[in-house]
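All remarks here apply to the structure that follows.
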Amino acid sequence: MPPGLDASLVASAGGLLCFRVRKMGIVSYLICNPVTKCCRELPPPLHYRSTYRSPCMQALVVDPNKNTYKLVVAGYSTGRDPTTEVYSSINNSWKLVGNLPLKGDSKATLFQPYSGKPFCNGNLYCRAFLPPSVIVYSVEEEVWVQLKAPINSSVLTPYLVEHHGHVLMVGGLRKAGRKEFSPDSFCIWELDHKEMQWKEVARMPEDMRKLFLQRNVFSKFRSIGKGDLIYFTSASAASSVVMYDFSLNLWKLLPECKLKVGRHHLASLVGHQLVWDRVFIFEPSLDAAI
């Protein structure tokens, strides 16, 4: 990457990484393929070009067949702005598209940042904060819709992931009436599109849950997934990562990561944030063009 950039990693897909870059009050995005060591700075967005107007949702969608990609940004952090704009690598330009489905005079943050934005069957799935639900963006039709599949209030830090064409929700589960943040279990639910319900498909074994929580006494939990693998980790501790393999129905506690985390380590790579504040799936590719 060019030296001296104030950049934060915000998205990844199809062998590409997307960084949000700030220069003299102007925001742009940098797309890079770390395997080929190629980088490309995109033109500044039309609407979200100011550093004071940070979108809550930033997602990269790659079409490997056409070797093209789109970057979707939406949802000003105060929730007052329903604007969505999309960058296309084909046209090398941005355009404003369908607005977010805000209702009434809601001033609450619409998106829940860093809660997963899986791309599945032509749609981007994102978790909304108020009301707790899932909103979907059709990349082809360029419109948003809100799913009528409510999220149980007992689910802690739910994340959305993709699993072979299905949308999953991963998160902690707290018993009704409990006020403690620590979850009683970690579960995986699958979205049933016909019944519009979340149905449990897997649950972390109790002994592994205790080991996981011992290393993450109080933390914002993170989940990422791709294909058959789903990972549970934490925003503050890289020492504990649990992996679930769907194909084997296997839960596994990964070896401890020795990387020193904190605001003074690798700051140039993560935009002066905690190293594990955001986690991403990366698929190395020699063919992914920027």
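Each value in this text was obtained by applying a stated rule to the coordinates, not by laboratory testing. From a predicted model like this one, the values you see are computed outputs, not experimental measurements. Reconstructed Cβ throughout: ideal geometry from the backbone, glycine too, with neighbour counts over all protein chains shown.
Sorting the segments 83-92, 244-253, 161-170 by their mean number of nearby beta carbons within 10 angstrom, highest to lowest, gives 161-170, 83-92, 244-253. Label-to-label distance, K199 versus L229, with points set 7 angstrom from Cα along the beta-carbon direction: 2.8 nm.
Loop-located chymotrypsin sites (Phe, Trp or Tyr not before Pro) across segment 1-59 with a Cβ neighbour count of 12 or fewer within 10 Å are Y52, with loop assigned by DSSP. The packing ranking of peptides 62-74, 145-157, highest mean first, is 62-74, 145-157, where packing means the average number of other beta carbon atoms within 10 angstrom of each residue. What the phi angles of segment 11-18 give under the Karplus curve with 6.51, -1.76 and 1.60, with θ = phi - 60°, is a coupling list of 6, 8, 5, x, x, 10, 10, 10 Hz, glycine and proline written as x.
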